[in-house]
Every structure is written in C-alpha cells, then in structure tokens.
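Structure, as structure tokens:
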Amino acid sequence: MALLKLVYSSRYSLDIGPHVFLTEKYRHVHARLTAEPHPNLDGVIEPVAATWDQLALVHSDEYLHKVRTRTLSSEEIAQLELPLTDGVVEGFRLMTGGTLTAARLALVDGLCGHIGGGFHHAFASHGEGFCLFNDVAVAIAAIRAEAALPRVAIIDLDVHQGNGTALICGRDESVFTCSMHDRHNYPAYKPQGSLDVGLLAGTGDGEYLQRLREALPRVLAHKPDLLFYLAGADPYEDDQLGHTKLTKAGLRDRDRLVLDAVLGAEVSLVIVLAGGYARQLTDTVDIHTATLEAALASGSGILRTSRL
Ligand SMILES: [Zn+2]
C-alpha cells in the first residue's frame, strides 16, 4: 500500500481579527483528517518557513523590505485586506514554506497535500486579497534554484482568478497556468494566464464539470513534471465571496476529475487548499477535507514516479 504525507502547522491559525478568511479552517481540516488513523496517511509534516532569500526569488526587494519593516502604506494594507502584524508575516512565511515542503515531497512521493497555501493574488511587488506572498510561485522558484524542474502546470480552481500567479508565471513558457473562475467577480484586473476559463454567475455542477473536462487535457498537454492543484472551496453554492453554485457533490466530482486526470499522466501532484468562505465554517471544512480524503484514497494509484 502506497502512502502519502500531508503538510500542516498549528501555527497556520492567525489572529487577523473579525474576518471572512477564517484561518482556523486549517486546524479543523487537520483535526478531521487525523481523527482516525488512515491506512494511506504517512504522517503530517511540520513545514519550515520560507526564507527571505527564497521569497526574493519571486517578490521585489522593495516589497519585501516594506513587509519586513512593517511599512506598507495604508493603501497597500487595504489592498492586502489583512493586518500587517508579526503574526501575519511569520504565518505567511510558514505557509509559503509549507507549499515548498509539499512540492518537494510530491517530487519524491508523487503526491502531497498541503493543509494550507494557494495565495494566488500575491504579485511580485504587492499583496492583495488575503495573499501576502505567492506560495506556489515561490515554491517553483525555490526548487529550480536547487534542482532541474523542466515543466510545471497550475490548475487553479479557486473561484477567483489567479491574477498574481498569471502575471508572475506569464513570462515563463515552461509554466502553464490554468484558472477556472467567476468571470465578473474579484479580481477586477485579470491578467491572461495560459488558459483562462471565465464562468458566468450561477454556473452549476453540470456546466462546471464539463468545462473542467475540456480544460484538463489542455493542461496535461503541457506535459508538466510537477502540477499544483489549487482546490479552492469557494466555488461552493453558499460561499460568501463566490458567484458559482457548485454543490458539495459537484466539488467532490471536481476533485475526482482532477485526480483521475493526473492518475493517467506522469506528473507529481501538489494539492493546496486556497480560498473558502462559506457562510457556515463547517461547510468550508467539509469541502477541503473531502479534497484531501480523495487524495488519500487515490494515493496508491498516483504514487509511482519519483522525479528527484
Ligand atoms: Zn478565492
């Protein structure tokens, strides 16, 4: 029986005051996944925080200086939509390190799940939309600083377009970015990725899954060595920040489609959670947990290639 690891830290629960981004969701997902021993779970790995040098592989020196010295302007903090506290800065360094840790494990084991990550609205020189650092872009750059990583793909199924990731990775033809998102939702500025699928408000399970079935072969045609899946919970029908109307069953089918497509390809897979803002926290936790449970159930099928 093949096994897989998850990456998580209890320090992902951040004190950001009253906020729609409930960071305690990570603690609840971890608790659900570890409440009973799972035959395919090979432990939960504590991440190491991304270093400032690793962050500088993607983010500008000026931006990082302002973050380190807590001197972002009030406009920049308003755009970030998070308080710039020590806890937030260190928490985001740790979550960025978590995605890097998960990516390294995926390259060895074939699959790894991060109970965190997916901060796709962070640009090189500014943060926005609850995203201080772009964890996926930093993970790609940090691995490439150490080893060969020829081709990468990103399947971003958060309900909001992955604007920061699209712009950061857009200059690099070896990285294929696919985002399926609300066409008329945040962010207003949607730089073109490799494949953007913009959905109309009210899109339900049937059309969503059909569009995903059409998109997945185009992503895999890139023949990535490493694939990041941003499994946002916010396409859910009762999400406060989304216009898409997926049911929980539809979201499980979405995860299954992604996992089955990857099962058929020679690619290492990293799953990160991204957004989720359901009116009831338990719904967000249900959706994120189901994603990683599907990965655990699929582990034995995926774990067959070692890339590094
Ligand atoms: Zn989102």
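Residues that are out of contact with any strand residue (DSSP E or B) (no Cβ under 9 Å at 6 or more places or on another chain) and in contact (Cβ under 8 Å) with a residue 60 or more places away in the chain: does region 72-81 have at least one?
No, there is no match, as no residue in region 72-81 is out of contact with any strand residue (DSSP E or B) (no Cβ under 9 Å at 6 or more places or on another chain) and in contact (Cβ under 8 Å) with a residue 60 or more places away in the chain.
Could you list, in sequence order, the residues of region 219-252 that are assigned to a loop (DSSP other than H, G, I, E, B), more than 16 Å from the ligand (Cβ to nearest atom) and within 30 Å of S174 (Cβ to Cβ)?
A221, H222, K223, P224, D225
Which of the residues that make up region 94-114 are surrounded by 24 or more Cβ atoms within 10 Å (Cβ to Cβ), hydrophobic (A, V, I, L, M, F, W, C) and closer than 22 Å to P83 by Cα?
Scanning region 94-114 gives a single hit, M95.
Take D196 and decide whether it is closer than 17 Å to I155 by Cα, within 16 Å of the ligand (Cβ to nearest atom) and of a type in the set (D, E, K, R).
yes
Can you tell me which residue in region 1-13 is surrounded by the most Cβ atoms within 10 Å (Cβ to Cβ), limited to those that are in a loop (DSSP other than H, G, I, E, B) and touching a Pro at 6+ places or on another chain (Cβ under 9 Å)?
Residue satisfying both the conditions and the ranking: Y8.
Could you list all residues from region 161-186 that are assigned to a loop (DSSP other than H, G, I, E, B) and out of contact with any His (no Cβ under 8 Å at 6 or more places or on another chain)?
G170, R171, D172, E173, S174, R183
Let's see how each residue does on (1) modelled with pLDDT of 95 or more; (2) in a loop (DSSP other than H, G, I, E, B); (3) within 16 Å of the ligand (Cβ to nearest atom); (4) among the hydroxyl-bearing types (S, T, Y):
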position	(1), (2), (3), (4)
L257	yes, no, no, no
A265	no, yes, no, no
G275	yes, yes, yes, no
T284	yes, no, yes, yes
T291	yes, no, yes, yes
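Within the group A124, A148, which residue is over 25 Å from Y8 (Cβ atoms), away from the ligand (no atom under 11 Å from the Cβ) and at pLDDT below 95?
The match here is A148.
Looking at region 164-184, is at least one residue within 14 Å of the ligand (Cβ to nearest atom), β-branched (V, I, T), buried (at least 19 other Cβ atoms within 10 Å of the Cβ) and under 25 Å from G116 (Cβ atoms)?
yes
Could you tell me which numbered condition H126 fails, if it satisfies all but one of (1) within 13 Å of the chain's Cα centre (by Cα); (2) surrounded by fewer than 23 Cβ atoms within 10 Å (Cβ to Cβ)?
Against the list (1) within 13 Å of the chain's Cα centre (by Cα); (2) surrounded by fewer than 23 Cβ atoms within 10 Å (Cβ to Cβ), H126 comes up short only on (1).
The values are calculated or read from the model by the stated rules, or taken from the named source; none is laboratory data. Please read all numbers here as calculations on a predicted model, not as lab measurements. Counting neighbours? That spans all protein chains shown, and the Cβs are built from the backbone with ideal geometry, glycine included.
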